[in-house]
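The structure appears right after this line, and notes come after that.
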Amino acid sequence: MDKSDGQFRGTADMDFREITEDEIKGESGQEKEPLAERGQETGEDEMKSGHDGEQDSEYEELCYMCRRPESKTGKLMSLPGGLHICSDCMQRAFESFENSGLQYSDLLRMTVLPPGMDLQSLEMMQVPKKQKLKKKKEKDKEKTEPEFDLKAIPLPHQIKARLDEYVVGQESAKKVISVAVYNHYKRVIADPSDGVEIEKSNILMIGPTGSGKTFLVKTLARLLDVPLAIADATSLTEAGYIGDDIESVVSKLLAAADNDVDRAEHGIIFIDEIDKIAKKKNTNTRDVSGESVQQELLKLLEGSNVEVPVGGSSKNMMVPMTTVNTNHILFICGGAFPDLEDIIRERLNKKSSIGFGSALKLAEGEKENLLQEAAVEDLRKFGMIPEFLGRLPMIVTLEALTAEYLVRILTEPKNAIVKQYQKLLRMDEVDLIFEEDALTEIARTALVKKTGARALRAIIESFMQDIMYEVPKDSNIGSVTITKDYIEKKGGPVIGFRGLSAMNLIP
């Protein structure tokens, strides 16, 4: 390192002015200037490394020490190696040097860097883009146009029509969801200047497994073109315990919005298996994954500013943090709520008494869909706390799927399972045909499994495996017909050859 005219020349061609001992300690009787501010004023322009032009301007720069974005810390100082330091961390670094007794003049005279330290290699330690925040767009103060236009939001009947293309049945649920979503985004663009503030309309979906709760939400998010995050309530625990914190739900939405906070604040969060956080009964230990999680979720459902990690599910010093406002996020909670039917039946079955005015008990099997009679008091008895239910005013009940619905699910939706396999075989120039009796038998077999529409793919996969393996071998095969006997394993599919009549292929 060469010394000339009161300056030192470093290995990275950086110019530093000489700092005297009096300047470090300060003159007696005068208040000492903060070292970080002094270094920012004198060295900010000289410490530019030329990496600013190479950085992607779409993302915010992060402080290398505290991992806070530039929108939180203010202007960052650029250091060699593509590093950026905020004024707070720079001040703490100067104070550490001062308290340790290390002289700045000795630090500047260092000719060799400590072992293993290379300023140029620090550029490889930059934060990846998945943990970077996108810069917020500057809003024109003169223009007060809302982020959502009422004309751009589909009307309730349009939302339901699009849902009908992919979801079979559940007419009441689709109607309620369409109205709730339409009112929610009208609330987003509503002007609160008149003193009338529209409250949130979060949704609670109740339905047996495989009835289409998750599929409804996925289709809804794709229709509205908004980010969607699907979280599982079974992994959530109270803060401080092993498991995911409540804020990880919002962190997933931020990742789905490509770390764009503005877009994430108008998204949809679907919390599945919400019935698994019901209040535990007959327990003497702390309920960290049940009632405590419901209480922690209250602030998210109501709407508040939440500090969430970017690109990670846990908070630590190496993950940048940002603030997300959940006031305009639509929360949809779904669960199967097993044994809820028994609670409903017990409420409907009034105790019999002697006399002509006594009420008769509900006959067994008289009501097929008891979940349609679900009330708030039933959910409270199930284990959901009143504060949690009060923030989910819209209760949607999905019907259990019958054999008729399952047959329609196989063939009617745009992405029906039968249409998927027909497309696969059509790529081999083979026609796939399902007989009506075969479809009915598949639906009947799925009902026995009691897993709803999820059982359909498992059943079709089992008997289509041999067909998908054997058919491509013979280029003369022109069609394959699935029969009821093949589903019942009493026969085989009907194979039609090109230019010949169809024949029954016995496996």
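Observations on the structure shown:
- For the stretch 321-356, the set of residues classified as modelled with pLDDT of 75 or more and more than 30 Å from G452 (Cβ to Cβ) consists of M321, T322, T323, V324, N325, T326, N327, H328, listed by residue number.
- Taking residues in the stretch 486-507 that are within 17 Å of K473 (Cα to Cα) and open to solvent by less than 100 Å² (accessible area, probe 1.4 Å), and partners anywhere that are modelled with pLDDT under 55 and of a type in the set (S, T, N, Q), the pairs with Cβ atoms closer than 6 Å and at least 6 places apart or on different chains are V494/N504.
- Residue list for the stretch 381-396, restricted to those being in a helix (DSSP H, G or I) and either among the hydrophobic types (A, V, I, L, M, F, W, C) or farther than 18 Å from A336 by Cβ (or both): F382, P386, E387, F388, L389, G390
- Applying a threshold of 8 Å to beta carbon distances and a minimum spacing of six or more residues, or different chains, the list of pairs starting in the stretch 408-423 at a residue that is on the phi < 0 side of the Ramachandran plot and ending at one that is among the small types (G, A, S) and assigned to a helix (DSSP H, G or I) reads L410/A443.
- All positions within the stretch 435-452 that are open to solvent by 30 Å² or more (accessible area, probe 1.4 Å) and closer than 15 Å to R408 by Cβ: E436, T440, R444, L447
- Scan of the stretch 162-179 for residues that are in contact with a helix residue (DSSP H, G or I) (Cβ under 9 Å, 6 or more places away or on another chain) and part of a helix (DSSP H, G or I), ordered by number: R162, L163, D164, E171, S172, A173, K174, K175, I177, S178, V179
- Residues that are small (G, A, S), at pLDDT 90 or above and surrounded by 15 or more Cβ atoms within 10 Å (Cβ to Cβ) do not occur anywhere in the stretch 400-410.
- Qualifying residue in the stretch 436-444 (condition: within 33 Å of the chain's Cα centre (by Cα), in contact (Cβ under 8 Å) with a residue 40 or more places away in the chain and on the phi > 0 side of the Ramachandran plot): no
- Within the stretch 163-195, considering residues that are among the hydroxyl-bearing types (S, T, Y) and within 19 Å of L401 (Cα to Cα), the one surrounded by the fewest Cβ atoms within 10 Å (Cβ to Cβ): S172
- Which numbered condition D474 misses (of (1) open to solvent by less than 70 Å² (accessible area, probe 1.4 Å); (2) in contact with a helix residue (DSSP H, G or I) (Cβ under 9 Å, 6 or more places away or on another chain); (3) modelled with pLDDT under 90): (2)
The values are calculated or read from the model by the stated rules, or taken from the named source; none is laboratory data. Computed from a predicted model, the values in this text were never measured in an experiment. Quick reminder, even Gly has a Cβ in these numbers, built from the backbone with ideal geometry, and neighbours come from all protein chains shown. For accessibility, only protein heavy atoms count, side chains too; no ligands or nucleic acids. Shrake-Rupley method; radii C 1.70, N 1.55, O 1.52, S 1.80 Å.
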